[in-house]
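Asker: So that we are looking at the same thing, I have put the structure below in C-alpha cells.
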Amino acid sequence: MHPAAHPHPDELKALAEKSRAVKLLPNADRGGPATPLLSVTGLTKHFPLARGAVVRAVDGVDFTVKKGETLGVVGESGCGKSTTARLIMQLLDQDAGEMLFDGELVGGLELPLKEYRRQAQMVFQDSYASLNPRMTIEASVAFGPQVHGLSKNNAITRARDLLAKVGLDPARFAGRYPHELSGGQRQRVNIARALALSPRLLILDESVSALDKSVEAQVLNLLLDLREAFDLTYVFISHDLNVVRFMSDRVMVMYLGEIVEIGPVETLYAAPAHPYTRALLAAMPSMDPDRRTEEAPLAGDPPNPINPPPGCRFHPRCPFAEALCCAVRPELSPVGEDGRQVACHINTPGARHSKAPPALEIIP
Amino acid sequence: MTPLVEIENLHVTFRGERTVHAVNGVSVSLAPGEVLGILGESGSGKSVTLKTLLRLLPERRTVITGALSVDGQDVLALEGLELANFRGGIASMIFQDPGLAFDPVYTIGDQISEAVMRHMGGTKAGAMIRARELLERVRIPSPERRLKAYPHELSGGMRQRAMIALALAGKPKLLLADEPTTALDATVQIQILLLLRQLQREFDMGMLFVTHDIGVAVEVCDRIAIMYAGQIVETGTVRDLIRDPRHPYTRGLLAANLHGAVKGMRLDAIPGAPPALNEAPTACPFAPRCASAIEVCSKTLPENADLGGGRRVRCHLASG
C-alpha cells in the first residue's frame, strides 16, 4: 500500500464497525440527539502578567457544538482560539465558566476529568513536538489505552489497527520513531493516537497548517472519512479561511478573546454580519487575477489582548464605530433566520447606533 | 528589451553527509519591472533558486552550475567588493521572518541608515533622513519614533514593513521576496501584499516572489512559475495558469488550494509525497504521483515544451 493513501471510505467503515465490536470503551450517546455534545457558558481565562497587567485571552465565551457537526473557529493571532481549545480539552483550568459534555458537567461527579478525556481528544499543529521522540509510533498510540486499563498486547493490537486506518501500513511504520516520518505521516500518527480512546469529540488546533498543500489535502480527506466512520464531532481551528469553509458546518469568529459572530458556514461566508468578519473575509486573497484586492480592509495589526479596549473590542479599527461602541460591550445575540449570532450594536434593534434597526414594536 | 534576470539551466547541489540535488535545470527570465511568482512546496527548490541569485548559499558545500545574470552582471563571477555592492545595490531580499533578519541590538534607524550609507554614501545625519523617508514610503505611522525603536518593539506587520524599507535602502533594481507574508495574520498579509505591489511600481523594480500560496501569488504576480523537485514544471501568466493549468501537478495544487472545492466532498488530492532528491531526476519526478502518467514518464525527463504566449510546460503529455 502507498504510505500516504488511506483505506477507501467503505473499507474504513467496515474497520470502524469491527473495532466497535471489540470496543474497549463506552462511546454511548447519553443525552439524546438534541443535546449538544459540548455546551460552553461564560468560559474565561486571564493570564496575569507583571505589574498588574492581564492578558484577557478568553473573556466570557458561550457556544455549543452539536452532535456530529464540525465547528470551525477562525481569528487572528491573539484572538483566543488556541486558549479556547486548551480550555475545552482542560489542559488549562478556566477562571470562570463551565462546560457540559453531552449534558454532564465536565469535571463533575458524573463526568470526572479522566472519563472526559477519553471522550475528547486533541491534535496539535506541531506534529513533531507532540510525539515523544524516544517512543516508536506504535508505542505512542498504544500508550493512552494502557493508561485507561487495556493490557499491553491489546493496546498494541489496537494501535496497529488504527495506524492502518490512518493510512500507515503497520508492517512498515509501527516500529519507526517520529523523526523517521514526514510531517504528513507524523500528523497521521497524531490523529491515530487521538482516536485510540474512541473519543466522540476531536479538537483540531491548526492540525493541517504546517503541512504542504498537497499533503494537507490528503489529511483533510482522511479527517472527512474518519468523521463519518467513527461518528466524530470536530472543533476545527484554523487561520486558513478556505480550509475552514471546506471542513465546517458552522463557524465561530473570535476577536481579542470574544466571539464576534457565529453561524452556518455558507450564509456566514456569503453575508458576514459583523464588520470584523467582513474585513477578515475580504482580506482573503482573491484567486481571480481580474479581480485583485485593491484596498486592504483593515489598517494596522491586530491589537494585543493585554488590556483590550473598552466597549466593543473592535471599535478602534471599525469603520462604523460610534460613541456607543466605545462605551458599551455588545452582547452576542441572534440575528436573521439562519441561527446566526452576532455581537455588534449595528445588528441590535433599538441600539443607540445610527445604523441599528429600530426597536421591535411589541404589538399588544 | 534585455531581461533583468536571466537564469540558464541552473543546477544547485549540496554536498555533505548526504548529497541533495536541490535545483535541477531551472531556466527562467524576468523583464525589468515584471513580477514573477515562484510557487512550490517545501523542498521544491524555490528558496534555493532565490538565494543563489544573491549568492547566499554556503560556498564550500554548494556546487552551482549554469548561467546566472542580473542586470547584465554574471552573478556567479562576482567576488569581494563587487558582490557586496551587488547585494542591496542591484538585488535585495526580504525574508519570511523579519524578527530574525534584523539585528536585535541596533535600532531600526541605525540599521536602515547603515545600509543607506553603504550604498549611497553621505553622512550619518543624511542617511537618517533618508531612512525616515523610507519608513514613510512603507507607510509606517510616526516614522520619527520608529527610527529609535528596536526590532522587538514593533509588531509583526511593522517589522515586515521596516524590512522592506531596509531592502529598498540601496535602490535595487531587483527585489527578491522569500515568503514575506507567510508568518503574518490574514488582515496584515493583504496590507503587505498591496504595499509590495505599489512599491514595485513606484520604484520600477523587477520582483521574484517565492510563495507556497497560490492566492498570494495571484494578488501580486504577473507571471507564475511552478516548481517541483528542483525544476520549473510550468510557467505562464497568472490568468492562463489559474484558468487553464496544463501540468498535472499544477492542477493538483489548485485542487489542494480548495479552488472550486465542493464542501464535504473528498478533495482531488495528489497522493504520496515529493521525492527525496538524493539523486538528480532522470525521469519526470512527478510521475510516481501522477494520475495520468504513461510509460515514457518514468523513463525520460520531459523537455520544456513552449506552448506559445510565454507558456512553457515540462510534461510528456503536454508536448504530445
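The values are calculated or read from the model by the stated rules, or taken from the named source; none is laboratory data. Keep in mind the model is a prediction, meaning the values are calculated, not measured. Here the Cβ positions follow ideal geometry from the backbone for every residue, glycine too, while neighbour counts run over all protein chains shown.
Asker: For segment A:220-231, which positions are touching a strand residue (DSSP E or B) at 6+ places or on another chain (Cβ under 8 Å) and free of Cβ contacts under 8 Å to residues at least 40 places away in the same chain?
Answerer: Result: A:223, single match.
Asker: If you don't mind, there's one more thing I want to ask. Answer with yes or no whether residue B:145 is free of Cβ contacts under 8 Å to residues at least 12 places away in the same chain and assigned to a helix (DSSP H, G or I).
Answerer: Details: free of Cβ contacts under 8 Å to residues at least 12 places away in the same chain: yes; assigned to a helix (DSSP H, G or I): yes.
Taking the combined requirement at face value, the residue satisfies it.
Asker: I'd like the residue in segment B:296-312 that is in a loop (DSSP other than H, G, I, E, B) and surrounded by fewer than 12 Cβ atoms within 10 Å (Cβ to Cβ) and, out of all such residues, is farthest from the chain's Cα centre (by Cα). Explain how you work it out, then say what you get.
Answerer: First, the residues of segment B:296-312 that are in a loop (DSSP other than H, G, I, E, B): B:299-304, B:309-310.
Right, trim to surrounded by fewer than 12 Cβ atoms within 10 Å (Cβ to Cβ) and you get B:300, B:309.
Working: B:300: 29, B:309: 23 Å.
Out of the qualifying residues, it is B:300.
Asker: Also, quick follow-up: Being surrounded by fewer than 20 Cβ atoms within 10 Å (Cβ to Cβ), of a type in the set (D, E, K, R), within 14 Å of chain A (Cβ to nearest Cβ) and assigned to a helix (DSSP H, G or I) is true for just one of B:159, B:201. Which residue is that?
Answerer: Numbers: B:159 fails: surrounded by fewer than 20 Cβ atoms within 10 Å (Cβ to Cβ).
It is B:201.
Asker: Working carefully through the options A:277, A:348, A:293, find the one that is free of Cβ contacts under 8 Å to residues at least 40 places away in the same chain and closer than 15 Å to residue A:76 by Cβ.
Answerer: A:277
Asker: Among the candidates B:206, B:310, B:230, B:236, which residue alone is more than 9 Å from every other protein chain (Cβ to nearest Cβ), under 30 Å from residue B:168 (Cα atoms), touching an Asp or Glu at 6+ places or on another chain (Cβ under 6 Å) and not aliphatic (A, V, I, L, M)?
Answerer: Answer to the selection: B:206.
Asker: Assess whether residue B:251 counts as being surrounded by fewer than 24 Cβ atoms within 10 Å (Cβ to Cβ), within 13 Å of chain A (Cβ to nearest Cβ) and modelled with pLDDT under 95. First the steps, then the outcome.
Answerer: Details: surrounded by fewer than 24 Cβ atoms within 10 Å (Cβ to Cβ): yes; within 13 Å of chain A (Cβ to nearest Cβ): yes; modelled with pLDDT under 95: yes.
It is true that residue B:251 is surrounded by fewer than 24 Cβ atoms within 10 Å (Cβ to Cβ), within 13 Å of chain A (Cβ to nearest Cβ) and modelled with pLDDT under 95.
Asker: Sticking with this one: Taking segment B:254-266 as the search range and keeping residues that are within 8 Å of chain A (Cβ to nearest Cβ) and within 17 Å of residue B:212 (Cβ to Cβ), which one is surrounded by the fewest Cβ atoms within 10 Å (Cβ to Cβ)?
Answerer: To start, the set of residues in segment B:254-266 that are within 8 Å of chain A (Cβ to nearest Cβ) comprises B:255-259, B:261, B:263-264, B:266.
Cutting the leftovers down to within 17 Å of residue B:212 (Cβ to Cβ) gives us B:255-259.
Details: B:255: 19, B:256: 23, B:257: 24, B:258: 23, B:259: 15.
Residue satisfying both the conditions and the ranking: B:259.
Asker: Can you confirm whether segment B:57-78 contains a residue that is under 26 Å from residue A:210 (Cα atoms) and either surrounded by 14 or more Cβ atoms within 10 Å (Cβ to Cβ) or of a type outside the set (Gly, Ala, Ser) (or both)?
Answerer: The answer is yes; a qualifying residue exists.
Asker: When you check residue A:334 against the structure, is it away from every other protein chain (no Cβ under 14 Å), in contact with a strand residue (DSSP E or B) (Cβ under 6 Å, 6 or more places away or on another chain), free of Cβ contacts under 8 Å to residues at least 12 places away in the same chain and not charged (D, E, K, R), yes or no?
Answerer: For residue A:334, the condition - away from every other protein chain (no Cβ under 14 Å), in contact with a strand residue (DSSP E or B) (Cβ under 6 Å, 6 or more places away or on another chain), free of Cβ contacts under 8 Å to residues at least 12 places away in the same chain and not charged (D, E, K, R) - is met.
Asker: Could you please give the count of residues in segment A:246-265 that are surrounded by fewer than 24 Cβ atoms within 10 Å (Cβ to Cβ), within 13 Å of the chain's Cα centre (by Cα) and in a helix (DSSP H, G or I)?
Answerer: Residues in segment A:246-265 being surrounded by fewer than 24 Cβ atoms within 10 Å (Cβ to Cβ), within 13 Å of the chain's Cα centre (by Cα) and in a helix (DSSP H, G or I): 0 in total.
Asker: Right, next: Are any residues in segment A:274-289 within 20 Å of residue A:347 (Cα to Cα) and at the interface with another protein chain (Cβ under 7 Å from one of its Cβ atoms), and if so, which ones? First the steps, then the outcome.
Answerer: Taking segment A:274-289 as the starting set, the residues that turn out to be within 20 Å of residue A:347 (Cα to Cα) are A:274-282.
A:279, A:280 - these are the residues of segment A:274-289 that are within 20 Å of residue A:347 (Cα to Cα) and at the interface with another protein chain (Cβ under 7 Å from one of its Cβ atoms).
Asker: Now a separate question. Scan segment B:169-189 and give yes if some residue there is within 9 Å of another protein chain (Cβ to nearest Cβ), farther than 23 Å from residue B:130 by Cα, among the polar types (S, T, N, Q) and touching a residue at least 12 places away in the same chain (Cβ under 8 Å), otherwise no. Even if it seems obvious, please write down each step before you answer.
Answerer: Initial filter on segment B:169-189 (within 9 Å of another protein chain (Cβ to nearest Cβ)): B:184-189.
Then keep just the ones that are farther than 23 Å from residue B:130 by Cα; that gives B:184-189.
Imposing the further condition that a residue be among the polar types (S, T, N, Q) reduces the set to B:187, B:189.
Still in the list and also touching a residue at least 12 places away in the same chain (Cβ under 8 Å): B:189.
Looking for residues that are within 9 Å of another protein chain (Cβ to nearest Cβ), farther than 23 Å from residue B:130 by Cα, among the polar types (S, T, N, Q) and touching a residue at least 12 places away in the same chain (Cβ under 8 Å), one finds at least one in segment B:169-189, hence yes.
Asker: Moving on. Suppose we keep only residues that are touching a strand residue (DSSP E or B) at 6+ places or on another chain (Cβ under 7 Å) and in a helix (DSSP H, G or I) within segment A:35-85. Which one would you say is surrounded by the most Cβ atoms within 10 Å (Cβ to Cβ)?
Answerer: A:84
Asker: I would also like to ask the following. Only residues that are outside any loop (DSSP other than H, G, I, E, B), touching a Lys or Arg at 6+ places or on another chain (Cβ under 8 Å) and within 26 Å of residue B:272 (Cβ to Cβ): list them for segment B:11-70, please.
Answerer: B:14, B:37, B:38, B:39 - these are the residues of segment B:11-70 that are outside any loop (DSSP other than H, G, I, E, B), touching a Lys or Arg at 6+ places or on another chain (Cβ under 8 Å) and within 26 Å of residue B:272 (Cβ to Cβ).
Asker: State which residue is nearest to the other protein chains (Cβ to nearest Cβ) when the search covers only segment B:132-156 and only residues that are crowded, with 22+ Cβ neighbours inside 10 Å and within 18 Å of residue B:190 (Cβ to Cβ).
Answerer: So, considering only residues that are crowded, with 22+ Cβ neighbours inside 10 Å and within 18 Å of residue B:190 (Cβ to Cβ), the one nearest to the other protein chains (Cβ to nearest Cβ) is B:140.
Asker: Ok, one more. I need the full set of residues from segment A:124-139 which are outside any loop (DSSP other than H, G, I, E, B) and surrounded by 22 or more Cβ atoms within 10 Å (Cβ to Cβ), in order please.
Answerer: A:137, A:138
Each row is one residue, and each column tells you yes or no for (1) within 12 Å of chain B (Cβ to nearest Cβ); (2) within 27 Å of residue A:42 (Cβ to Cβ); (3) out of contact with any Gly (no Cβ under 7 Å at 6 or more places or on another chain).
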residue: A:255; (1), (2), (3): yes, yes, no
residue: A:266; (1), (2), (3): yes, no, yes
residue: A:272; (1), (2), (3): no, yes, yes
residue: A:291; (1), (2), (3): yes, no, yes
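Asker: Of everything in segment A:163-195 that's hydrophobic (A, V, I, L, M, F, W, C) and free of Cβ contacts under 8 Å to residues at least 60 places away in the same chain, which residue is nearest to residue A:252 (Cα to Cα)?
Answerer: So, considering only residues that are hydrophobic (A, V, I, L, M, F, W, C) and free of Cβ contacts under 8 Å to residues at least 60 places away in the same chain, the one nearest to residue A:252 (Cα to Cα) is A:192.
Asker: I would also like to ask the following. Being buried (at least 17 other Cβ atoms within 10 Å of the Cβ) and at pLDDT 90 or above is the requirement here; does residue B:274 meet it?
Answerer: Working: buried (at least 17 other Cβ atoms within 10 Å of the Cβ): yes; at pLDDT 90 or above: no.
Here the answer is no, as residue B:274 does not meet what is asked.
Asker: Is it the case that segment A:310-329 has a residue that's away from chain B (no Cβ under 13 Å), under 26 Å from the mean Cα position of the chain (by Cα), surrounded by fewer than 20 Cβ atoms within 10 Å (Cβ to Cβ) and part of a loop (DSSP other than H, G, I, E, B)?
Answerer: Scanning segment A:310-329, I find at least one residue that is away from chain B (no Cβ under 13 Å), under 26 Å from the mean Cα position of the chain (by Cα), surrounded by fewer than 20 Cβ atoms within 10 Å (Cβ to Cβ) and part of a loop (DSSP other than H, G, I, E, B), so the answer is yes.
Asker: Continuing with this model, one more query. Which condition breaks for residue A:225 when tested against (1) within 13 Å of chain B (Cβ to nearest Cβ); (2) touching a His at 6+ places or on another chain (Cβ under 6 Å); (3) farther than 25 Å from residue B:275 by Cβ?
Answerer: Answer for residue A:225: the failing condition is (2).
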